[in-house]
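A quick write-up on the structure given underneath.
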Amino acid sequence: MTPRIFPLLLAVAAAGCATANPTPAPCPEPPAPEVTAPAGPTAADAKAFADAANVRLRELLARLETTGYIAATYITPDTERAAAWAESDLMAFLSEAIPKAASFRDLDLDPDTRRFLQLLRTKPTLPAPADAKLRDELAGISSRLAGHYGAAKYCGPDGKGKCRDLDELSNVLHAGKKWDDLVDAWVGWHGTAAETRGDYQRLVELGNQGARELGFADLGALWRSGYDMPADDFAAEVDRLWNQVKPLYEKLHCYVRRRLSEQWGADKVPLDQPIPSHLVGNMWAQDWGALYPLVAPYPKVASLDVTRAIAKKKVDAKAMVKYGEGFFTSLGMPALPQTFWERSQFVRPAGREVICHASAWDTDHKGDVRIKMCIQGTADDFVTVHHELGHVYYYLAYDRLPELYAEGANDGFHEAIGDAVALSVTPGYLVDVGLFPKAPNDDKAVLNEQMRRALDKVAFLPFGRLIDQWRWDVFSGKTPPSDYTGAWWRLKHDIQGVAPPVARTEADFDPGAKFHIPGNTPYMRYFLAAILQFQFHRALCKAAGHEGPLYTCSIFKNAEAGERFWALLQMGASRPWQDALEALTGERQMDATAILDYFAPLSAWLDAQNAGQQCGWQ
Ligand code: X8Z
Ligand code: ZN
């Protein structure tokens, strides 16, 4: 508690003369009783409080991000501890400031102060109980879980083999060669999470307690409250969007399963069952890009293999990031600061443990931005570079705003910026920047390209939808700890139509094998982003004067689209996201028709392929 933040509290404390003191100073005469009601907090107090909270939050977040970046790029017990201290300090601030903010609720406030107070209330993703001991415990668990995920390795079924990290195990799945090796890599990685179950269970208990102390039913209700609409309406929005895209996903599922069944045999991939999760080339079955060679509509028609081009042209990790920066600057956005190049982590460093999961950082909230990746030179990395730079450009655009506005319009917007840019990485663009000599563009090549993208974007949709369904149910108590893994696989089955390669039990903790669960990063943002990025792309293409199908559009070098985009980024969270969306697209609702338009050719092609086939799963 500092004088700047809580002038009122301090004033009250000073007024309570030393009654607990054994030799008290004499109290002044009590004032004559007031005729009017005692003055409560005023709108001016609220404004002073919100302004001070913006300043203090910026300091605390800079400490959190700085220690967090060190802990993520150099995992040791010491860096973990330092990160936990910073997290605990932020938690302490929020658990005092949020109830305080509530005391101003009924005043007639100016719009900014009102919005600051509302944003403050939903700021914590991991609210701590007010009790300092419990708060430190929670911060410690949070750091430990993150560190465990980053350093986890699988050393063979008996623990005595060569130890492999997530990248190495993922590469086995991506190559998709031998059934037994795939099962081994999948089971091995998922096994690393089993020991984190107890920590996670405690994180849920303490996070829920923190959320309840702030007036939310549970932590899931707090997360759902951050969307400028009632929490229940948000859950209904998610359902509405999912229902818009579900038929497209199910078509892709049907076709891909049939090709997998041809490859592995109908005994291993039955045509009326979910797809075995270890066969799609990704640890969590969230991105099926590795299956492109198997499912390409016209395998003999040349298609643009970005991984090959990167290797052939010897584009190293930094040069890949330069391509990404080049796209943003072509839109009129600024070059990245020199410190970005000096302080980012582009490749896995030798000799120390790091969290390789890609991320973007705003370490001082004043322009010291970075990304942290372990780039291996794949086409996926190329997309992820643009994704991360989307975060970085958002930071650069909004850091001049008060801290509570220095956020995405909603968290889905933050995740969608770089992905929307990457949708403009079309064959035409790749030729423009010299990665390919020419791009085939007949109907067959278009379908190949559509399939390539769908294996990433469409396959992701149910995954994005279900992760937080699982967490919402865990936080609300609908899913008890004794059913953590069971509930996970029921959702994976029902929504995604995938199944584990071997039976799972409650001795496993499979949700913990996905970064965002131990990292406590809300996930619905990625589902929203999967929809929003196409909506943004459609609007930007319109601003750029693009004519023709959406999938042919690239906004590369288009100043008009760039200006519109930058204006959105500069708004940060200063307005409800509906206003931000309207400013860019003219629409006030998130809407999946853009992704459906984009994939119209593939959708029609899948209909023809699936005609007369049995789709769906039992
Ligand atoms: O976590 C990420 C980014 C960092 S914000 C690399 N993504 C999700 C994931 O990997 O699960 C991007 C797509 C979905
Ligand atoms: Zn992201």
Approximate spin-label separation Lys160-Ala175, in nm, with each point projected 7 Å along Cα-to-Cβ: 2.4 nm
Where Rh is the Kirkwood radius over Cα pairs, Rg/Rh for the chain: 0.99
Ordering of 142-154, 109-121 by packing [mean C-beta count within 10 Å, highest first]: 142-154, 109-121
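If packing is taken as the mean number of other Cβ atoms within 10 Å per residue, what is the order of 412-424, 207-219, 474-486, 50-62, highest first? Could the numbers behind the result be given before it?
Details: 412-424: 25.1, 207-219: 20.5, 474-486: 17.0, 50-62: 18.9.
Going by the mean number of other Cβ atoms within 10 Å, highest first, we get 412-424, 207-219, 50-62, 474-486.
Could I get the Rg over Rh figure for region 92-209? Both from C-alpha atoms, Rh via Kirkwood, rounded to two places.
1.22
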Hydrodynamic radius by Kirkwood, which averages 1/r over all alpha carbon pairs of region 487-527, in angstrom: 11.5 Å
Potential lengthening between Glu262 and Thr505 on full extension [0.36 nm per residue; Cα-Cα distance subtracted]: 84.5 nm
Cleavage-rule hits (GluC sites (Glu not before Pro)) in region 547-586: DSSP loop, at most 10 neighbouring Cβ within 10 angstrom: Glu547
Proximal charge balance of Asp468 [Cβ under 12 Å; K/R count +1, D/E count -1]: +3
Among 344-356, 365-377, the order from most to least packed when residues are scored by Cβ within 10 Å on average: 365-377, 344-356
Full-extension gain in nm, Ala102 to Val433, via 0.36 nm per residue minus C-alpha separation: 113.9 nm
15 Å beta-carbon shell around Ala311, net charge (K/R +1, D/E -1): 0
Mean-position separation - Cα centroids, region 361-434 and region 543-618, in angstrom: 17 Å
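Taken together, the values in this text are just the output of simple stated rules run on the coordinates, not laboratory data. Treat the numbers as computed from the prediction; the structure is a model and nothing was measured. Counting neighbours? That spans all protein chains shown, and the Cβs are built from the backbone with ideal geometry, glycine included.
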